[in-house]
Amino acid sequence: MESPSQPLDARAVIRFVEKPDAETAQRFVSDGSFLWNSGMFCMRAEAVLGELQEHQPALAQGAKVCWAEVERVPTAQPFVELPAKAFKALESISIDYALMERTRNLAVLPVEFTWDDIGSWDAVASLVPADAKGNRVHGDAVLMDSEACFVHANERVTALLGLRGVMVIDTPDALLVADASKTQHVRKVVEQLKARGHDTYRAHRTVQRPWGTYTVLEDGRGDKIKRIEVEPGGSLSLQMHRHRSEHWIVVSGTAEVTRGGQTAELHVNESTYIPAGQAHRLANTTDQPVVMIEVQTGQYLGEDDIVRFSDAYGRTLG
C-alpha cells in the first residue's frame, strides 16, 4: 500500500448507526451524505478501555474480573487461557452496539476502494470467475449438465451431475450441500450442531494449542487417530486419561516422553504405549518441530477426558 501524498481527511462522527432497518438504510443511501462503515477500527487500548468503563461499566468490570482470574505462567510462547466461568458471565455484545453507537470520541476516514465483506459463501463464490454456464469452481471438480453452481473443494475431486443452482462446500471439517438461494441459513445448521454438542461446532479438524497443533485424521466409535506437532520448546501438560489408552509413534524430530516417573527420548520410527490412568507428558526440548501420530482407543475419546497435574501454560488443572 502506498503512503498517501495528502494528509488524511479524518472527520468527527456525529452518529454511528449499526444495522439500520431497511427504511432507514434506504434513506441513508438516498441522502448521499452518509458514510458506510467497513468494520475496520484502529484504537489505543487505553482509549477503548476508558470508553468501555464509561459506556458499559458492568461489562468493563466483568472483563477485569475475568482477566484477574487468568493464571499466568512465564513461557517462551505467550499464551493466555481465559477462565470459562468468568468469561461466560460476560454479556455477549458486539463492539458496534456496546461502544460505537454510544461514544463521542470517534472519527472516520473517508476512502474510495472496492470493498466486499466476505461474510457468506455467496460472497466467496462471487470472487471466482464463472464459466459459460454460470458455474464457479475453486479446487478440483467435474461438472456435467450443471448450471449456476459453486464448488469449493480443495481436499478431493468433487463431481456434479445434472444440478442447477447448488453450492457444494467441501472442507476438512464438514461438507455442505445447499440450494444457492438458501446459504444465508447456514447459521441454522451451526445452531443445530451446537444444540447437539457436536465436535464440529467446538473445533476445527486442526486445532491450535499453545504448544503446537493437532489434526484429527480419523475418528471412529472406539478409536481416534491424530497427527500431533509440537513446536520447539513446547510441552503438553503432565496429564492422564481415565477412559482411553494411547499409542505414540514419532515420525519427525526427537520427542521427550514422560510415562509414570520415567522420562526418555523417542526418535523417528520409535513408539510407546500409554495405558489409561497413567500420568504422561510429551515435550520438545529441541530446536526442530516434533511430529507424531497418536492412536487412541477406548470407550470414550472426548477431549474433556483429561486430568492435568501440571501445565507450562497455566491452563486449568484437575
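The values are calculated or read from the model by the stated rules, or taken from the named source; none is laboratory data. What you see is a predicted model; the values in this text were computed from it and never measured. Cβ atoms come from the backbone with ideal geometry, glycine included; neighbour counts cover every protein chain shown. Calculation scope for accessible area: heavy atoms of the full protein, side chains included, ligands and nucleic acids excluded. Shrake-Rupley method; radii C 1.70, N 1.55, O 1.52, S 1.80 Å.
Quick rundown of the values:
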{"item": "Strands (runs of 3 or more DSSP E) lying entirely in segment 228-318 (those with 1 or more residues that are of a type in the set (S, T, N, Q) and either on the phi < 0 side of the Ramachandran plot or open to solvent by 10 Å² or more (accessible area, probe 1.4 Å) (or both))", "result": "238-240, 244-252, 255-259, 262-266, 271-274, 290-298, 307-310"}
{"item": "Residue among L176, L109, L161 that alone is within 30 Å of D9 (Cβ to Cβ) and not polar (S, T, N, Q)", "result": "L109"}
{"item": "Cross-chain or 6+ apart pairs with Cβ under 6 Å, segment 128-150 first and hydroxyl-bearing (S, T, Y), then assigned to a loop (DSSP other than H, G, I, E, B) and open to solvent by 50 Å² or more (accessible area, probe 1.4 Å)", "result": "S146/L163"}
{"item": "Near pairs, Cβ below 6 angstrom, 6+ apart or cross-chain, from segment 242-257 (over 18 Å from Q278 (Cα atoms)) to any residue that is open to solvent by 60 Å² or more (accessible area, probe 1.4 Å)", "result": "V250/V268; V250/E270; G253/Q288; T254/E265; T254/H267"}
{"item": "Verdict on R196 being open to solvent by 40 Å² or more (accessible area, probe 1.4 Å) and modelled with pLDDT under 90", "result": "yes"}
{"item": "Residue among S181, S146 that alone is surrounded by 14 or more Cβ atoms within 10 Å (Cβ to Cβ), of a type outside the set (A, V, I, L, M, F, W, C) and at pLDDT 85 or above", "result": "S146"}
{"item": "Residue within segment 27-45 that is open to solvent by less than 70 Å² (accessible area, probe 1.4 Å), at pLDDT 90 or above and either in contact with a strand residue (DSSP E or B) (Cβ under 6 Å, 6 or more places away or on another chain) or within 30 Å of L127 (Cα to Cα) (or both) present", "result": "yes"}
{"item": "Number of positions in segment 83-127 that are within 30 Å of G165 (Cα to Cα) and surrounded by 15 or more Cβ atoms within 10 Å (Cβ to Cβ)", "result": "3"}
{"item": "Matching entry among T213, T158 (being under 19 Å from the mean Cα position of the chain (by Cα), at pLDDT 85 or above and open to solvent by less than 80 Å² (accessible area, probe 1.4 Å))", "result": "T213"}
